[in-house]
Amino acid sequence: MTRLRFTTARQVFEAFPPALEDIEAEPSDVEPVGFLKGLLDGKTPEDAIGFCAYMLPRREAVWWACQCIRAGGAELAKSDTELLEIAEAWVSEPEEEKRLAAHAAGMAAVNKGPAAWAALAAAWSGGSMTLEPQQPVPPPSYLTAQAVRAAVLTTLASAEPAKRRDQLRANVQAAIKLIE
């Protein structure tokens, strides 16, 4: 039994209209995992990364991004490891204090690489996008997915070209395991 709240791919696109701009494939009434597998075999398999980011619940999406970054093969700088640990701390305990820590760390990151995007994905999972309690600005519902998408695609872009397709498939399989 799947842990998704969507029964069709079309429902994912309806819940997150910006996905229509991020994913070239047309929405369909195919169940999400079947649609995802079709994207992997399509003309733009990178669409599968975007679809995973939108399809997964926020916590799982942030966790998935962190795991994809760690499995990416590149040696992580200390600052990137720290950003991932902050994002993972929010995944473990999605409390406001940890979300705010992810917000501060992600915004302060000089290099907006994959780890910074993972921290921002956690930061934009709820609460406010500003630190002004008098004027809260809730993040749009799609922002976590877009940050996760950026984190995973940026990680893939730095992979050796010969290994990129296998890494993309492994990332998608990891997302599927999170929901099955």
Test: GLY127 is part of a helix (DSSP H, G or I), touching a residue at least 12 places away in the same chain (Cβ under 8 Å) and not polar (S, T, N, Q): no
Test: LEU39 is within 19 Å of the chain's Cα centre (by Cα), closer than 14 Å to CYS52 by Cβ, at pLDDT below 95 and not hydroxyl-bearing (Ser, Thr, Tyr): no
Matching residues in the range 121-178 - criterion: being over 12 Å from the mean Cα position of the chain (by Cα), of a type in the set (S, T, N, Q) and over 21 Å from LYS98 (Cβ atoms): GLN134, GLN135, SER158, GLN167, GLN173
Candidates PRO27, PRO17 - the one that is part of a loop (DSSP other than H, G, I, E, B), open to solvent by 10 Å² or more (accessible area, probe 1.4 Å) and within 15 Å of SER141 (Cα to Cα): PRO17
Lone qualifier among VAL91, VAL152 - being in contact with a Cys (Cβ under 9 Å, 6 or more places away or on another chain), open to solvent by less than 70 Å² (accessible area, probe 1.4 Å) and touching a residue at least 60 places away in the same chain (Cβ under 8 Å): VAL152
Single unsatisfied condition, GLY127 versus (1) farther than 18 Å from ILE86 by Cα; (2) surrounded by fewer than 18 Cβ atoms within 10 Å (Cβ to Cβ): (1)
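The values are calculated or read from the model by the stated rules, or taken from the named source; none is laboratory data. Source: prediction; values computed, not measured. Cβ sites come from the backbone with ideal geometry, for glycine too, and all protein chains shown count toward neighbours. These area figures cover heavy atoms from the full protein model, side chains too; ligands, DNA and RNA do not enter into them. Shrake-Rupley method; radii C 1.70, N 1.55, O 1.52, S 1.80 Å.
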